[in-house]
Amino acid sequence: MAQYQYTAINSAGKQVKGSIEAENEARAMEQVKKEGMIPVKVEAATALNKDINISIFKKKVKIRDLSIFCRQFVSMHRAGVTILESMRMMTEQTENPTLRDALNEAYLAVQKGETLANAFRQNPDVFPKLLIHMVEAGEASGSLDIAFERMAVQFEKSAKLQGLVKKAMVYPIMVMVVAVAVVIVLLTKVVPTFMGMFADMDMEMPKITLMVVAASDFMQANWLAIVIGIVVVVIAFKWFKKTATGEGIIAKLALKLPLFGDLTTKSNSAKFARNLSTMLSAGISMPEAVEITAETMANKFYIDAMREAKNDVMQGVPLSTPLERSGLFPPMVYHMTRIGEETGNIEEMLDTLAGYYEEEVETATQALMAALEPLMIIVLAAVCGTIIGAVIAPMGAMYEGLDNL
């Protein structure tokens, strides 16, 4: 079957575009009509009219986009709308182009008889493995709406947690960027202007002034090399971060750095408990649930610890044992996991644990911000104060010389 691009008018009177697979153009037009749309244009997909998807320009699918998609699917499914019709409607109204294209591909796959979980597997970069397994479990048990509702809650809580952690990380970076920008302006604009006033005066400059002037001259003479150097350092850091050594060093720093270490531990604990609880409540086996949870963790040490835990669980060892042995999780995590294992109520225990640590992440973020704000202001004031002091120092020396006359 060939792929055709179509332009049509939907039931709401809006013009929509999409793709469809059919034996020929006439059949493609019939399918568009069967979906309740009025075809305006139907033509075979070519390299010129096919949707271009260059990965570097793709808009990233955010967790919040996926939570909205899950909520919409639940509403449509419970209203009696078929899976195929739901996928078509969401393809039309989704604003994120990457998610829209992925939904369209899933729609075409379901149209050909694939299960929804297998349709989602065609785009693993868009649909997380967590969602795919939940959908698969929902299809097997006949409770697809419950699976999507659980994933909507999961994505909403993950988005909130991710937002809190990102907020804590972005603030110091933004202050550093502002500090660098201020230093560049002072060294390239302010310092040369003031130093020009003292150029013709026969007076000895303070050492701090000479140092700042030397830095200003160097920056003005080598600004292009400095810019290139910064770009090279940024690219090199991004490359190093993706290597096994770099990933390990960054993961270790995230755990050991003052203030940030506590936040890293609590955020990973919350993610572990929430994801594992969601998987187990859907009927997924413990080893598979632990493996999927490992892939959702953000820190390399937690990923390795979860994969080791999976191997132990497959040999009949309770999950709480490798969690405690890893030394990465707070005592409350493995103690409550052990209680859940002993009482046979591990899903509820993990859910309670997730709620507790999600609140702890919020508290830790607020504490981190409260500690960083005065610290960053002091650093910024010290840097700018040094440069301004270097400018003012010659003026003080000049006035002192006039008083001695």
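The values are calculated or read from the model by the stated rules, or taken from the named source; none is laboratory data. Since we're looking at a predicted model, the values are computed, not measured. We place every Cβ from the backbone using ideal geometry, glycine too, and count neighbours over all the protein chains shown.
Evaluate the following for Lys252: is it more than 29 Å from Glu360 (Cα to Cα) and of a type outside the set (A, V, I, L, M)? Spell out how you get there, then give the answer.
Numbers: more than 29 Å from Glu360 (Cα to Cα): no; of a type outside the set (A, V, I, L, M): yes.
No: the conditions fail for Lys252.
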Candidate set from region 342-376 (those that are β-branched (Val, Ile, Thr) and without any contact (Cβ under 8 Å) to a residue 40 or more places away in the chain); member that is surrounded by the most Cβ atoms within 10 Å (Cβ to Cβ):
Thr352
Residues (closer than 18 Å to Thr193 by Cβ and not β-branched (Val, Ile, Thr)) located in region 212-259:
Ala214, Ala215, Ser216, Asp217, Phe218, Met219, Gln220, Ala221, Trp223
Confirm whether Ala382 is buried (at least 16 other Cβ atoms within 10 Å of the Cβ), among the hydrophobic types (A, V, I, L, M, F, W, C) and more than 24 Å from the chain's Cα centre (by Cα).
no
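Among the residues of region 74-101, what is the count of those that are hydrophobic (A, V, I, L, M, F, W, C) and part of a loop (DSSP other than H, G, I, E, B)? Please lay out each step first, then the result.
Here is the first cut: in region 74-101, the ones hydrophobic (A, V, I, L, M, F, W, C) are 74, 76, 79, 81, 83-84, 87, 89-90, 99.
With part of a loop (DSSP other than H, G, I, E, B) added as a condition, the list becomes 79, 81.
Count: 2.
Only one residue in Glu105, Glu156, Glu95 is under 21 Å from Thr293 (Cα atoms), outside the structural domain of Asp262 (by TED's automatic domain parsing) and not polar (S, T, N, Q). Which one?
Numbers: Glu105 fails: under 21 Å from Thr293 (Cα atoms); Glu95 fails: under 21 Å from Thr293 (Cα atoms).
When all the criteria are applied, what remains is Glu156.
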When both residues are 6+ apart or on different chains and their Cβ atoms are under 8 Å apart, which pairs have a first residue that lies in region 223-238 and is under 18 Å from Ile184 (Cα atoms), and a second that is assigned to a helix (DSSP H, G or I)?
Trp223/Thr188; Ile226/Met219
When you scan region 102-131, how many residues do you find that are buried (at least 20 other Cβ atoms within 10 Å of the Cβ), within 21 Å of the chain's Cα centre (by Cα) and either assigned to a helix (DSSP H, G or I) or of a type in the set (S, T, N, Q) (or both)?
5
Kindly list, by first and then second residue, each pair from a residue in region 317-332 that is among the small types (Gly, Ala, Ser) to a residue that is buried (at least 19 other Cβ atoms within 10 Å of the Cβ) and part of a helix (DSSP H, G or I), limited to pairs with Cβ atoms under 6 Å and residues at least 6 apart or on different chains.
Ser320/Tyr334; Ser320/Thr337; Ser326/Ala305
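Answer with yes or no whether Gln154 is over 30 Å from Gly80 (Cα atoms), of a type in the set (S, T, N, Q), assigned to a helix (DSSP H, G or I) and out of contact with any strand residue (DSSP E or B) (no Cβ under 7 Å at 6 or more places or on another chain).
Details: over 30 Å from Gly80 (Cα atoms): no; of a type in the set (S, T, N, Q): yes; assigned to a helix (DSSP H, G or I): yes; out of contact with any strand residue (DSSP E or B) (no Cβ under 7 Å at 6 or more places or on another chain): yes.
When the stated conditions are applied, Gln154 does not pass them.
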Scope region 271-291; condition assigned to a helix (DSSP H, G or I), modelled with pLDDT of 85 or more and surrounded by fewer than 22 Cβ atoms within 10 Å (Cβ to Cβ); matching residues
Leu280, Met286, Pro287, Glu288, Glu291
